[in-house]
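Note sheet for the following structure.
The values are calculated or read from the model by the stated rules, or taken from the named source; none is laboratory data. Note that the structure is a prediction, hence the values are computed from the model and not measured. Reconstructed Cβ throughout: ideal geometry from the backbone, glycine too, with neighbour counts over all protein chains shown. Note: areas computed on protein heavy atoms with side chains; ligands, DNA, RNA excluded. Shrake-Rupley method; radii C 1.70, N 1.55, O 1.52, S 1.80 Å.
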Amino acid sequence: MGASEGARAETDSAQPPRRPRGRPPSLTEDQIVDAALQIIRSEGLDALSMRRLSRQLGRSQMAAYSYVADKQELLDLVTRRTLADVAIPGPEDGPWDVQLRLLIDSIDAQLRRHPGIAGLLLQRMLHSDRRLVDALMAIMIDAGLREKQVLLAYSTIHTYLFGRYQVALADVPRDDSVPLPTLARVTPFLDELHRADYYNFGIDILLDGLRTRVAENLQSSAAEHH
């Protein structure tokens, strides 16, 4: 081999191998959901679309459709991923009211981590992650609540969590009017309260009410057997 050929061979071997042409690497479900969450965090839920997702992933819009059928399926994936970390407590975690509080707190923690989709998560729990709804209801059934009471109690829990985030996201207009007597008495204490105080008070009141219903049902059942 001549000197020029040897030098050319050394140069060729020093260059990185060329990437073969063809289809780009396949996407994973985690990559798709991560991209969707990035859009939601930076631009809001309304900005999420299949076209915007495609740009975020660096793929064509038609390529994105080969992984996700439509925006509704994408939202289902986001919901399932976000709620997947919510652990369902069991008897080893304590009595029924402790289990119920742990589960509600875990759901609320995920809502706080993802405030931009809190409403979406709650709306889709009935469709995308029914295991949480079933777990909440199972705890209440095991506690001694009757079926209609369980439905009403779940509705109250759901409405409370949903309402918290609707209020948190709402703009509060400034009110420069002179407050009425009772408002003037209580509003100075607003600065001492934090979001956790409102949440804890509401859940405590809810659980107190459910404990009362459970006790009444036990008394009623005992009376029927005498």
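If you go through the range 145-157 one residue at a time, do you hit one that is at pLDDT below 90 and either in a helix (DSSP H, G or I) or within 25 Å of P91 (Cβ to Cβ) (or both)?
Scanning the range 145-157 turns up no residue that is at pLDDT below 90 and either in a helix (DSSP H, G or I) or within 25 Å of P91 (Cβ to Cβ) (or both).
Scanning the range 171-196 for residues that are farther than 30 Å from L152 by Cβ, within 35 Å of the chain's Cα centre (by Cα) and not aliphatic (A, V, I, L, M) yields D171, P173, R174, D175, T187, P188, F189, D191, E192.
Among D46, D105, D70, which is acidic (D, E) and closer than 22 Å to S155 by Cβ? Checking each option against the conditions leaves just D105. The residue pairs whose first member lies in the range 140-157 and is in contact (Cβ under 8 Å) with a residue 12 or more places away in the chain and of a type in the set (V, I, T), whose second member is part of a helix (DSSP H, G or I) and open to solvent by 60 Å² or more (accessible area, probe 1.4 Å), and whose beta carbons are closer than 9 Å, counting only pairs six or more residues apart or on different chains, are V150/I141. Which one is surrounded by the fewest Cβ atoms within 10 Å (Cβ to Cβ) among residues in the range 106-121 that are touching a residue at least 24 places away in the same chain (Cβ under 8 Å) and more than 21 Å from L48 (Cα to Cα)? Ranking the qualifying residues of the range 106-121, first place goes to D108.
Residue-level check: of (1) within 20 Å of the chain's Cα centre (by Cα); (2) outside any helix (DSSP H, G or I), Y199 misses just (2). Determine if the range 22-32 includes at least one residue that is surrounded by 13 or more Cβ atoms within 10 Å (Cβ to Cβ), in a helix (DSSP H, G or I) and modelled with pLDDT under 95. The answer is yes; a qualifying residue exists.
Selection of the range 122-144 for residues being in a helix (DSSP H, G or I) and either of a type in the set (S, T, Y) or at pLDDT below 90 (or both) yields L122, Q123, R124, M125, L126, H127, S128, R130. The residue list R213, R185, R195 contains one member that is open to solvent by 40 Å² or more (accessible area, probe 1.4 Å) and in contact (Cβ under 8 Å) with a residue 60 or more places away in the chain, which is R213.
Do you know which of the residues in the range 67-110 that are of a type in the set (S, T, N, Q) and within 11 Å of the chain's Cα centre (by Cα) is modelled with the highest pLDDT?
S106
Do you know which of the residues in the range 122-154 that are under 30 Å from A47 (Cα atoms) and polar (S, T, N, Q) is least open to solvent (accessible area, probe 1.4 Å)? Looking at residues that are under 30 Å from A47 (Cα atoms) and polar (S, T, N, Q), I get S128. Looking at the structure I just gave you, is L102 open to solvent by 20 Å² or more (accessible area, probe 1.4 Å) and either hydrophobic (A, V, I, L, M, F, W, C) or not in a helix (DSSP H, G or I) (or both)? Against the criterion (open to solvent by 20 Å² or more (accessible area, probe 1.4 Å) and either hydrophobic (A, V, I, L, M, F, W, C) or not in a helix (DSSP H, G or I) (or both)), L102 qualifies.
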